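In what follows, a single structure is set out as structure tokens and then discussed.
The values are calculated or read from the model by the stated rules, or taken from the named source; none is laboratory data. In this text, all values refer to a predicted model and were calculated from it rather than measured experimentally. So basically every Cβ, Gly included, is an ideal-geometry build from the backbone, and we count neighbours across all protein chains shown. Heavy atoms of the whole protein, side chains included, go into the accessibility calculation; ligands, DNA and RNA do not. Shrake-Rupley method; radii C 1.70, N 1.55, O 1.52, S 1.80 Å.
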Amino acid sequence: MFPLQRGRRLRVNESIRSLVRETTLSPSDFMFPMFIAEGENVKIEIPSMPGIFRRSIDLTVEEVKELFALGIHAVNIYVKVDESLKDNTGKEAWNPNGLMQRAIKAIKAACPEMIVMPDVALDPYSIFGHDGIIANGDVENDATNEALVKMAVSHAQAGADFVAPSDMMDGRVLRLRQGLDAAGFQNVGIMSYSAKYASAFYGPFRDALDSAPKDTMTHTEPVEVPKDKKTYQMDYANRIEAIKEALMDVEEGADMVMVKPGIAYLDIVREVKNAVNVPVTVFQVSGEYAMIKAAAERGWLDHDQIMMEQLMCIKRAGASLISTYFAKEAAIILNK
């Protein structure tokens with residue numbers, strides 16, 4: 001018998017399609033990653049990320065106000081650290097008067113309801129461009145964790161709502177939770193980068209912060225340094241490992257877990273979503289952003305349609321929150 005069920009009945013027009021749509025997007029689904037630089041009235045476009053800028057704190061605050069007015073309620077912030085402040089200890093990362101700490105205070109003072117999630121990792125502060133302290137040719141896991149605790153507590157003291165460890169050190173969520181609680185910050189949350197893969201999609205981000213691993217021959221005393229971040233970031237061939245890492249982070253006290261990158265890892269997003277009982281954040285990373293921008297500039301695809309499709313697909317896969325450089329552009333479309 002010719003089918004009584006005709007799927008096309010539910011696709012006749014946009015009104016019907018909107019009635020039965022399984023997944024929806026709103027500006028509150030987005031978190032906007034922001035790059036912060038020293039100075040005043042500074043706004044420098046990142047060449048590999050068209051439309052994304054390093055801003056001084058004063059201009060960052062103005063941008064934050066615009067984002068909040070659009071319905072975006074969270075920002076993930078990163079700082080461009082002067083070379084003179086970098087070393088192998090990362091001590092500038094917990095300077096109470098550091099760029100990150102001043103930025104957090106300024107944002108919260110200007111827009112108290114904006115959720116501020118500063119990045120917790122040492123690579124912007126490391127002379128070697130790694131996410132931790134280098135010793136004996138490797139990143140020292142436990143020593144790095146101690147530095148990350150100091151960093152996270154300084155962020156909480158400045159007014160951060162969540163800390164966002166992106167370093168992938170073993171056991172760092174537990175150490176951060178213990179450190180924050182001991183310092184009296186029981187209500188400061190942890191959004192853990194739980195399944196962060198060693199991906200080539202991060203290239204433009206490292207341009208923005210100058211945080212790629214450095215050639216050791218550029219230093220006065222040659223030091224053996226890992227050439228990449230594969231000893232701590234995850235192998236992109238692995239799936240079960242991502243579930244294990246997310247479950248461990250939840251057990252250690254993570255309030256949210258993250259999968260990074262985004263669109264190429266939607267299978268991992270769904271696996272993690274099915275495994276954990278906390279919100280799942282997905283980072284649509286710089287390389288994913290740059291590819292859409294580059295293809296659209298050449299007229300090879302429709303920028304807005306691809307942007308919205310990818311964001312919808314990330315949400316459909318299980319994201320509770322999407323960290324994306326498209327947040328502002330997408331929010332403007334959704335608000336029409």
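What residue, among those in region 129-163 that are among the polar types (S, T, N, Q) and in a helix (DSSP H, G or I), is most open to solvent (accessible area, probe 1.4 Å)?
Q157
A single entry from P213, P204, P222 fulfils the requirement of being modelled with pLDDT under 95 and crowded, with 22+ Cβ neighbours inside 10 Å: P204. Can you say whether L25 is surrounded by fewer than 11 Cβ atoms within 10 Å (Cβ to Cβ) and aliphatic (A, V, I, L, M), as far as the supplied structure shows? No; evaluated as a whole, the condition is false for this residue. Among residues of region 106-120 being within 25 Å of V173 (Cβ to Cβ) and open to solvent by 30 Å² or more (accessible area, probe 1.4 Å), the one that is nearest to the chain's Cα centre (by Cα) is I115. Among the conditions (1) in contact with a Ser or Thr (Cβ under 7 Å, 6 or more places away or on another chain); (2) over 21 Å from M117 (Cα atoms), I292 misses just one, which is (1).
Screening F185 on (1) in contact (Cβ under 8 Å) with a residue 40 or more places away in the chain; (2) part of a loop (DSSP other than H, G, I, E, B); (3) open to solvent by 10 Å² or more (accessible area, probe 1.4 Å) shows it passes everything except condition (1). Criterion applied to N76, N13, N95 was being polar (S, T, N, Q), touching a Pro at 6+ places or on another chain (Cβ under 7 Å) and either modelled with pLDDT of 95 or more or over 28 Å from I292 (Cβ atoms) (or both), and the one residue passing it is N76. Looking only at region 53-68, decide whether some residue is without any contact (Cβ under 8 Å) to a residue 40 or more places away in the chain, of a type in the set (D, E), open to solvent by 40 Å² or more (accessible area, probe 1.4 Å) and closer than 21 Å to I333 by Cα. Looking for residues that are without any contact (Cβ under 8 Å) to a residue 40 or more places away in the chain, of a type in the set (D, E), open to solvent by 40 Å² or more (accessible area, probe 1.4 Å) and closer than 21 Å to I333 by Cα, one finds at least one in region 53-68, hence yes. Within region 101-128, the residues that satisfy the criterion of being part of a strand (DSSP E or B) and β-branched (V, I, T) are I115, V116, V120.
Here is a check on your reading of the model: is S154 within 18 Å of R206 (Cα to Cα) and of a type in the set (S, T, N, Q)? Criteria not met by S154. Residue pairs whose Cβ atoms lie under 9 Å apart, sitting 6 or more positions apart in sequence or on different chains, and linking a residue in region 37-48 that is of a type in the set (V, I, T) to a partner that is open to solvent by 90 Å² or more (accessible area, probe 1.4 Å), are I46/D207.
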